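J.: Following this message is one structure expressed as structure tokens.
None of the figures in this text is laboratory data; all of them are computed from the coordinates on show. What you are looking at is a predicted structure, and each value in this text was computed from that prediction instead of being measured. Virtual Cβ from ideal backbone geometry, glycine too; neighbours counted across all protein chains shown.
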Amino acid sequence: MGEEGDRQDVTQREGQGSGGGFMAVHAGEIPVEKIAEQLGSFLSNFDSIAETYRRWTEEKFVPDQMEKVNPSFPEASRPMIEQDVRTSKVETVYSAYNVATNYATHRTRSVRTAFDLLERINRAFQQQFPAAN
């Protein structure tokens, strides 16, 4: 059928229009080098990252704190992420972070967009809620 036909078939099977969620992964657009770089960075900092997440599970979060985190996100994503956080009634920083990253991984339409948004979410949360020294 050819590459374009295959891509269309995959997109249709994955439910185009039903919320995205890494549809491009299924179409063969995986940026392997970027994933390898991010995985290497994650693994080398794993202990620090795990401690940050542990601390975030104990730190209270109020929805108004999104005003400080949200400006780092692309304009199109801001209201949707904020709405998701508010309607989820999160209680901890980690829960808010989890809702935001869920948006990036399940409601974006390309791997590149998802990775860009995940990077912005990580940076924003780490700046707003830094690891204790």
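J.: Cα atoms only: what Rg and Dmax, in Å, come out for segment 20-128?
T.: 14.2, 40
J.: Can you give me the long-range amide H partners of F61? Hydrogens built in the peptide plane at 1.01 Å from N, cutoff under 5 Å, separation of 5 or more residues or another chain.
T.: Those qualifying (amide H under 5 Å, at least 5 residues apart or on another chain) are T92, V93.
J.: So what J values fall out for segment 41-58 if you push phi through Karplus, 6.51 cos²θ - 1.76 cosθ + 1.60 with θ = phi - 60°, rounded to Hz, Gly and Pro as x?
T.: Couplings: 5, 4, 5, 6, 10, 4, 4, 5, 5, 4, 5, 4, 4, 4, 5, 5, 5, 9 Hz.
J.: Quick one: which of 42-54, 111-123, 59-71 comes out on top by average Cβ neighbours within 10 Å, and what's the full order, highest first?
T.: Top of the packing list down: 111-123, 59-71, 42-54.
J.: Can I ask one more? Placing unit charges on C-beta atoms (Lys and Arg positive, Asp and Glu negative, everything else neutral), compute the dipole magnitude of segment 20-128 about its Cα centre in debye, rounded to 20.
T.: 200 debye
J.: Straight-line reach from K60: which lysines fall under 30 Å, measuring Cα to Cα and dropping same-chain residues less than 8 apart?
T.: Reachable lysines: K68, K89.
J.: Let me ask something additional. Could you tell me which of F46, Q127, A114 has its Cα farthest along the dipole of segment 20-128 towards the positive end, charges placed at Cβ (Lys, Arg +1; Asp, Glu -1), taken about the Cα centre?
T.: A114
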